[in-house]
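Novice: Starting off with a structure, shown below.
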Amino acid sequence: MKFKGPLTEAVLLKRYFRFLVDVALKNKHKRTIYCPNLGPLINCDVLGSRVWYSSTSRVHGYLDVLEIVEVNGGWLVSIHPEHTKFLVMEGVHQGLVPELRDFRFLHAPISPSFGNGIELLLKENGEQCFLHIEQVIFGDDRGEGYFPEIAGNNMLSLKELISLKEAGHRAVLFYCVQHTGIGCVRPADVIDPLYGKMVRDAARMGVEILAYRVNISFREITLESRIPVLLSEDIAYR
């Protein structure tokens, strides 16, 4: 996924109302830009962090959109949630996900019973796979990523994947890790223990759980490599 234009570097001054941030440009001028991610942005909204924003389209009346945040002294995080699905779709089409090779996306709605972000993948021979994509941007200084950032928001899609697997379909939960410093993904049990339990139950029932990290530059973002999903409860987030 290529950015439509050059990104501008700035320094984060303040985030407020979740959807606005104040930044300082290199010429010391202050600018208010739109933040497309309304989540908590844990570790991604630290005062003084370097950020990069795009100026390619007007969103909610703001010309500039926050795209990338630098965390932990050098790792880059793509915070824009609308890029997530496109990055996975592009990676699958380009054959970058061996587990889903030769599938294509069916963009039309599947049926009224399949909502909550469930995608249908098809092969030319009619083989099908149901997929749900989640963005992971919450990481710690040990290189571990966690999902979710908010309790209670991600259960319906996971329940649907379990139901689809029980009905005999192939079902995949796909974590798109948009943080270059994350080397593995864990359920965020401290934030949402019920989600963690359901993910482990889903894995035991045969739902496939994949995590792929992206490569981030200031010109493009691409799906890069698979990383482990660790489901043991031995190490909790701290």
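Novice: What share of Cα pairs, in percent, lie more than 21 angstrom apart in the chain?
Specialist: Taking all Cα-Cα pairs of the chain, the fraction more than 21 Å apart is 58 percent.
Novice: Please give me, ordered by residue number, the trypsin sites (Lys or Arg not before Pro) of the stretch 1-81 that lie in loop per DSSP and have at most 15 other Cβ atoms within 10 Å.
Specialist: Taking the stretch 1-81 and a limit of 15 other Cβ atoms within 10 Å, the loop trypsin sites (Lys or Arg not before Pro) found are Lys4, Arg18, Lys26, Lys28, Arg58.
Novice: Rank Phe174, Ala203, Gly143 by how far each Cα sits towards the positive end of the charge dipole of the chain (+1 on Lys, Arg Cβ; -1 on Asp, Glu Cβ) and give me just the farthest.
Specialist: Gly143
Novice: Given Met89, Val51, Leu164, which one lies farthest toward the positive end of the charge dipole of the chain, if we put +1 on the Cβ of every Lys and Arg and -1 on the Cβ of every Asp and Glu?
Specialist: Val51
Novice: What is the angle, in °, between the Cα long axis of helix 82-93 and the longest principal axis of the Cα atoms in the chain? Nearest 10 is fine, range 0 to 90.
Specialist: For helix 82-93, the angle is close to 50 degrees.
Novice: Compute the signed sum of charges (Lys and Arg +1, Asp and Glu -1) over the other residues within less than 9 Å, Cβ to Cβ, of Leu223.
Specialist: -1
Novice: Right, next: List the aspartates and glutamates whose Cα sits under 19 Å from the Cα of Lys165, skipping any in the same chain fewer than 8 residues away.
Specialist: Once the sequence-local aspartates and glutamates are set aside, what remains near Lys165 is Glu99, Glu119, Glu127, Glu134, Asp201, Glu208.
Novice: Skip the ligands, DNA and RNA, and give the accessible area per residue of the chain with a 1.4 Å probe, whole Å².
Specialist: About 48 Å² of surface per residue is accessible.
Novice: Here's another thing I want to ask about it. Gaussian network model of the chain, Cα springs within a sub-10 Å range: biggest mean-square fluctuation belongs to which of His132, His29, His93?
Specialist: His29
Novice: Further, regarding this structure: Roughly speaking, what is the centre-to-centre gap between the stretch 212-230 and the stretch 66-92 when only Cα atoms are used, to the nearest Å?
Specialist: Value for the Cα centre distance between the two parts: 8 Å.
Novice: State whether the stretch 1-76 is rounded, prolate or oblate according to the following rule on the C-alpha gyration tensor (a ≥ b ≥ c being the square roots of its eigenvalues): a/c under 1.5 gives rounded; otherwise a/b larger than b/c gives prolate, and the remaining case gives oblate.
Specialist: Rounded shape, in that the Cα axes give a/c under 1.5.
Novice: Continuing with this model, one more query. So, with a 1.4 angstrom probe, what is the percent of accessible area on the chain that is carbon and sulfur?
Specialist: About 53 percent, which is the carbon plus sulfur part of the accessible surface.
Novice: To the nearest 10 degrees, how steep is helix 155-166 against the longest Cα principal axis of the chain, on a 0 to 90 scale?
Specialist: Taking the Cα atoms of the chain, the angle to 155-166 is about 30 degrees.
Novice: Still on this structure: Once you charge only the Cβ atoms, +1 for Lys and Arg and -1 for Asp and Glu, what is the size of the charge dipole of the chain about its Cα centre, to the nearest 20 debye?
Specialist: Dipole about the Cα centre, nearest 20: 680 debye.
Novice: Let me ask something additional. Considering only DSSP states other than H, G, I, E and B, which GluC sites (Glu not before Pro) in the stretch 150-238 qualify as loop sites with at most 14 other Cβ atoms within 10 Å?
Specialist: Passing sites in the stretch 150-238 are Glu233.
Novice: Sort 149-155, 81-87 for me by packing, meaning the mean count of neighbouring Cβ atoms within 10 Å per residue, highest on top.
Specialist: Highest mean packing first, the order is 81-87, 149-155.
Novice: How high is the relative contact order of the chain, in percent, with contacts defined as C-alpha pairs under 8 Å that are six or more residues apart?
Specialist: RCO, the chain: 16 percent.
Novice: How high is the FRET efficiency between Lys14 and Ser232 when r is their beta carbon distance and R₀ equals 41 Å, given to the nearest 0.05?
Specialist: Result of the calculation: an efficiency of 0.60.
Novice: Mind giving me the FRET efficiency for Phe218 and Glu166? R0 is 41 Å, r the Cβ-Cβ distance, nearest 0.05 is fine.
Specialist: 0.40
Novice: Can you give the % of DSSP beta bridges in the chain that are antiparallel, to the nearest 5?
Specialist: Bridges in the chain are about 65 percent antiparallel.
Novice: Something else: Helix 193-204 versus the longest principal axis of the chain: what is the Cα-based angle in degrees, 0 to 90, to the nearest 10?
Specialist: 40
Novice: Can I ask one more? For Lys85, list the lysines whose Cα falls under 16 Å from its own Cα; do not include residues on the same chain fewer than 8 positions away.
Specialist: Lys2
The values are calculated or read from the model by the stated rules, or taken from the named source; none is laboratory data. Treat the numbers as computed from the prediction; the structure is a model and nothing was measured. As a convention, Cβ positions derive from the backbone with ideal geometry for all residues, glycine included, and neighbour counts pool all protein chains shown. For accessibility, only protein heavy atoms count, side chains too; no ligands or nucleic acids. Shrake-Rupley method; radii C 1.70, N 1.55, O 1.52, S 1.80 Å.
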